[in-house]
Amino acid sequence: MLNRIIKRGGPKLPKTDANETPAVVVGHVSRPAAGCDTSSVPSIEALPLFRDVPAGERQSLFIRKLRLCAVVFDFSDMITLRCAREREVKRRYLAELIDFVQSSSDRLAEPVQEELVRTIATNIFRCLPPAAHENTGSEAAAAAAAADPEEENIFLDPAWPHLQLVYELLLRYVVSSDTDAKVAKRFIDHAFVLRVLDLFDSGDPREREYLKTILHRIYGKFMVHRPFIRKAISNIFYRFIFETEQHSGIGELLDILGSIINGFALPMKEEHKLFLVRVLIPLHKTKPAGVYHHQLAYCTTQFVEKDCKLAYTVIRGLLKYWPVTNCQKELLFLGELEEVLETTQPTEFQQCMVPLFKQISRCLNSSHFQVAERALYLWNNDHIVSLISQNCSIILPVIFEALEKNMQSHWNQAIHGLTANVRKMFQDMDGDLFEDCRQQYIERVASAKTLEEQRELAWRQLEAVAAAKAAGEAIILVN
């Protein structure tokens with residue numbers, strides 16, 4: 001019987017067979033004007049449970065249930081009772097299909113797998129509703145576009161009761177030990193993977209979480225797809241960085257990459273290093289970077305842990321894109337910088353310590369006390385203090401002026417206390433050097449004060465000459 005069903009050519013079945021229904025999309029993209037048109041909804045008949053049929057007929061029953069589940073309902077209208085009944089029948093069949101794939105000892109035949117993937121594709125590949133960041137021309141969309149990108153505008157898809165089960169079915173199929181990757185790769189091909197990646201722009205966080213798990217499993221199981229998946233993800237990032245700066249699933253994609261990077265073999269391929277330079281580091285510069293920064297920092301730190309020589313590349317990249325006016329983003333950068341410095345070796349540290357501590361000096365003098373406080377907390381890290389003590393003769397002259405300015409003029413008393421602690425640490429490291437820096441600072445301040453006095457004197461002299469000249473001209477005019 002299975003062969004007879006297969007030879008009929010997919011979901012286009014004879015109309016005389018009441019048990020097998022063609023795949024139909026019910027009001028998904030082009031929605032009806034009102035209500036649920038019950039005349040367009042195919043009748044979903046009651047089919048027996050898998051345990052109630054002989055083992056030899058279960059895969060044919062599996063196909064029949066798959067084809068009934070290929071009907072896609074419009075959940076925007078929950079009024080019509082008949083639609084609700086059909087939705088519930090489909091939900092029950094999807095649950096039965098999941099249980100069969102998960103618990104059955106029978107390996108699915110190739111045509112059954114093809115029908116399974118086709119049904120899944122029919123359900124999940126759809127037109128996504130406009131995300132909060134998309135400009136649809138409406139006032140609400142314009143307001144959402146102008147809002148802070150870090151504020152979440154959560155969309156919950158009304159079709160999730162079915163979508164969740166379909167995603168679970170796909171996940172169980174991919175992770176099943178009975179699924180042979182050599183066979184399944186014909187159905188889960190490059191086109192399928194690309195369409196899965198497109199769904200990461202969904203506004204529903206539940207869907208993106210499922211997609212993250214599924215794509216990660218696909219990457220692990222289908223080794224032949226790995227380079228393609230990495231390249232496709234890179235292309236999404238390129239468009240996000242250099243064109244749109246709008247995408248809902250950057251954080252989830254970075255979550256996947258964090259696991260991928262963790263599995264990179266050493267020595268690291270040049271392809272992976274280029275990905276760090278061309279994708280991960282530029283991702284720091286986008287306006288909504290705060291939304292996904294936690295995952296991004298994990299990825300960059302993984303690179304440094306894998307290859308300590310990349311610390312210089314990461315630190316210079318952070319300095320290149322260091323925020324100027326966004327204090328909250330600056331706090332994130334300081335946190336990531338500390339994580340990178342924890343795994344940085346002395347050789348790489350010495351290559352970038354001068355520009356690094358010039359930037360830290362600017363952070364120390366920030367009028368935003370949290371930025372100054374976070375920068376001073378770097379001295380609470382033993383490894384960073386060890387790196388600083390080894391290069392104290394170079395770092396202290398760079399940072400001394402910022403410490404003194406904090407002590408003299410910063411408005412926040414907590415910053416005064418933290419700065420005093422850091423000054424004491426430098427004094428303990430090298431008292432003579434600290435005294436030399438202090439004397440040089442006093443001389444610079446005195447020199448700057450003298451220069452300022454000379455400038456003011458010159459201006460006063462110019463004003464006096466100008467006033468005398470103007471008085472002489474007035475006398476001439478009177479005479």
Q | Subset of region 335-367 (residues that are over 28 Å from H416 (Cβ atoms) and either open to solvent by 40 Å² or more (accessible area, probe 1.4 Å) or out of contact with any Ser or Thr (no Cβ under 8 Å at 6 or more places or on another chain) (or both)) | A | T344, Q345, P346, T347, E348, F349, Q350, Q351, C352
Q | Residue check, E243 open to solvent by 80 Å² or more (accessible area, probe 1.4 Å), part of a helix (DSSP H, G or I) and without any contact (Cβ under 8 Å) to a residue 40 or more places away in the chain | A | yes
Q. So which of G258, G251 is modelled with pLDDT of 95 or more, farther than 25 Å from T325 by Cβ and in a helix (DSSP H, G or I)?
A. G258
Q: Please specify each residue of region 276-300 satisfying the condition of being of a type in the set (A, V, I, L, M, F, W, C) and within 15 Å of the chain's Cα centre (by Cα).
A: L276, V279, L280, I281, L283, A289, V291, L296, A297, C299
Q) Which of (1) part of a helix (DSSP H, G or I); (2) under 33 Å from the mean Cα position of the chain (by Cα); (3) under 12 Å from H162 (Cβ atoms) does D74 not meet, given it meets every other one? A) (1)
(Q) When you scan region 393-409, do you find a residue that is assigned to a loop (DSSP other than H, G, I, E, B) and either at pLDDT 95 or above or open to solvent by less than 20 Å² (accessible area, probe 1.4 Å) (or both), even just one? (A) no
**Q.** Hits in region 185-210 (condition: part of a helix (DSSP H, G or I) and either open to solvent by 60 Å² or more (accessible area, probe 1.4 Å) or among the small types (G, A, S) (or both))
**A.** H190, A191, L194, R195, D198, R206, E209
Q) Among the helices (runs of 4 or more DSSP H) confined wholly to region 316-380, which include 1 or more residues that are farther than 26 Å from Q427 by Cα and in contact (Cβ under 8 Å) with a residue 40 or more places away in the chain? A) 327-342
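The values are calculated or read from the model by the stated rules, or taken from the named source; none is laboratory data. Treat the numbers as computed from the prediction; the structure is a model and nothing was measured. Quick reminder, even Gly has a Cβ in these numbers, built from the backbone with ideal geometry, and neighbours come from all protein chains shown. Please note that ligands, DNA and RNA were not included when accessible areas were found on the heavy atoms of the full protein model with its side chains. Shrake-Rupley method; radii C 1.70, N 1.55, O 1.52, S 1.80 Å.
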